[in-house]
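Visitor: Please find one structure pasted underneath; my questions will follow.
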Amino acid sequence: MHKIKTLLENLKDVKVIDSSIDYSDYVAVDLSASNEELSKLNITDAAAFENYIEDYLTKNNAKVAFGGYQEIRNLYKRSTVFNDKNSDERNIHIGLDLWIKAGTSVLAALDGTIHSFQNNTSLGDYGPTIILEHQIEEIKFYTLYGHLSLDSLTDKQIGTEVKKGEVIATLGSPPINGDYAPHLHFQIIIDIENKVGDYPGVCNEKDLEFYSENCPDPNLLLKMI
């Protein structure tokens, strides 16, 4: 884990959405269960949530709202994907979200190849998803891009090479994107565990230690703050 953290920290000038937007136009957003403003919002309503994000961006004179790594959220209570009666509730977010309008271009974080892609169609899931495989200095890892448009999966082929900064997708809108306000879920994964087109982006407290090791903070790479 130490080696990949050092590697990520040393990589420069990485963006995963619209390269024309400077990081100075990003603002952190708190979507945790402790945010009292969210208790007044119908978080099951994607349109209402999108309005909340748009208002937040306007108030902060920003273009992108970001955050959520290891954030404990109530956003997932509506979905059986995260609330199986036979297991602990999964409510700890282990990726990074970047909230901006549908149709925004999504970029490959680094040189790599397409590992897999899939439309994860359950309510509250990723919707269309792409996973890239990277190998730098003999270290192999993966980046996941979730909540994409359906067109983003058209003509994709496993093994296709991609270049850092290349447009690989666009952001989807609800309900195609899992029925969320438009945003990119970006996640770094060390061991993909034989998963194809999917990987957990939310975990329970019992598994947090494992996922903290296997999915390091994406901001080590993006350096937004």
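Visitor: How big is D, in µm² s⁻¹, for the range 83-225 by Stokes-Einstein at 20 °C and 1.002 mPa s if Rh is the Kirkwood radius over C-alpha pairs? Can you show the working numbers first?
Guide: On the way: Rh = 15.3 Å.
It diffuses with D of about 140 µm²/s by this estimate.
Visitor: Which of N35, A102, P218 sits farthest toward the positive end of the charge dipole of the chain, with +1 on the Cβ of Lys and Arg and -1 on the Cβ of Asp and Glu?
Guide: So the residue furthest toward the plus end is A102.
Visitor: Shape of the range 1-140 from its Cα gyration tensor (a ≥ b ≥ c, root eigenvalues): rounded if a/c is under 1.5, otherwise prolate when a/b > b/c, or oblate?
Guide: Numbers: a/c = 1.75, a/b = 1.26, b/c = 1.39.
Oblate is the answer for the range 1-140, as a/c is 1.5 or above yet b/c matches or exceeds a/b.
Visitor: Among A181, S122, I192, whose Cα projects farthest towards the positive end of the dipole of the chain, with charges put on the beta-carbon of Lys, Arg (+1) and Asp, Glu (-1)?
Guide: A181
Visitor: Another one. Give the ranking of S122, S20 by solvent-accessible surface, highest area first, calculated with a 1.4 Å probe.
Guide: In descending accessible area the options line up as S20, S122.
Visitor: Work out from phi, with θ = phi - 60° and the Karplus expression 6.51 cos²θ - 1.76 cosθ + 1.60, the ³J(HN,Hα) of each residue of the range 217-224, listed in order in whole Hz, and give x for Gly and Pro.
Guide: Those phi angles translate into 4, x, 6, 4, 8, 7, 6, 6 Hz.
Visitor: Could you work out how far apart the two model spin labels at D217 and N74 are, taking each label as a point 7 Å from the Cα in the direction of the beta carbon, and quote it in nm?
Guide: Once both label points are built, they end up 2.6 nm from each other.
Visitor: Considering only DSSP states other than H, G, I, E and B, which GluC sites (Glu not before Pro) in the range 181-225 qualify as loop sites with at most 14 other Cβ atoms within 10 Å?
Guide: Numbers: sites: E193, E205, E209, E213; in loops: E193.
Those that pass, being in a loop and sparsely packed, are E193.
Visitor: If ligands, DNA and RNA are left out, what is the accessible area of L220 with a 1.4 Å probe, given in Å² to the nearest 10?
Guide: 40
Visitor: Right, here's the next one. Quote the relative contact order of the chain in percent (integer), defining contacts as alpha-carbon pairs under 8 Å separated by 6+ residues.
Guide: Values: 497 pairs, mean separation 54.0, N = 225.
After rounding, I find 24 percent.
Visitor: Which order do you get for H134, H2 if you rank them by accessible area with a 1.4 Å probe, largest at the top? Could the numbers behind the result be given before it?
Guide: Values: H134 0, H2 145 Å².
Ranking H134, H2 by accessible area, largest first, yields H2, H134.
Visitor: Hey, another quick one. Could you put F210, F49, F117 in order of accessible surface area, largest first, with the 1.4 Å probe and the full protein assembly present?
Guide: Working: F210 95, F49 10, F117 60 Å².
Ranked from most to least accessible, the order is F210, F117, F49.
Visitor: From the phi angles alone, apply the Karplus equation (6.51, -1.76, 1.60; θ = phi - 60°) to the range 147-159 and give each ³J(HN,Hα) in whole Hz, x where the residue is Gly or Pro.
Guide: 6, 8, 7, 4, 4, 5, 8, 5, 6, 6, 9, 4, x
Visitor: Which value, in debye to the nearest 20, describes the size of the charge dipole of the chain about its Cα centre when Lys and Arg Cβ atoms bear +1, Asp and Glu Cβ atoms bear -1, and nothing else is charged?
Guide: Numbers: 20 positive and 35 negative charges, 29 e Å.
It works out to roughly 140 debye.
Visitor: Any chance you could look up the accessible area of V167 with a 1.4 Å probe, heavy atoms only, rounded to 10 Å²?
Guide: Rounded to the nearest 10, the figure is 90 Å².
Visitor: May I ask what percent, to the nearest 5, of DSSP beta bridges between residues of the chain are antiparallel?
Guide: Working: 37 of 40 bridges.
Rounded to the nearest five, the antiparallel share is 90 percent.
Visitor: Next up: Under a straight-distance cross-link criterion of Cα-Cα below 19 Å, which lysines are reachable from K206, leaving out those fewer than 8 residues away in the same chain?
Guide: K77, K85
Visitor: Over the chain, with every protein chain in place, what whole percent of the accessible area is carbon and sulfur at 1.4 Å, could you tell me?
Guide: Details: 4950 of 10750 Å².
Roughly 46 percent, rounded to a whole number.
Visitor: Report R73's accessible area, 1.4 Å probe, all protein chains in place, as a number in Å² to the nearest 10.
Guide: Counting only protein heavy atoms, R73 exposes about 0 Å² to solvent.
Visitor: What is the range 1-75 by shape, rounded, prolate or oblate, if you read a ≥ b ≥ c off the alpha carbon gyration tensor as root eigenvalues and call it rounded for a/c under 1.5, prolate for a/b larger than b/c, and oblate otherwise?
Guide: It is oblate, given that a/c is not under 1.5 and a/b is not larger than b/c.
The values are calculated or read from the model by the stated rules, or taken from the named source; none is laboratory data. Just so we're clear, the structure is a prediction, and the values are computed from it rather than from any experiment. Using ideal geometry, Cβ is built from the backbone for each residue, glycine included, and neighbour counts are taken over all protein chains shown. Areas reflect the complete protein model, heavy atoms only, side chains present, ligands, DNA and RNA absent. Shrake-Rupley method; radii C 1.70, N 1.55, O 1.52, S 1.80 Å.
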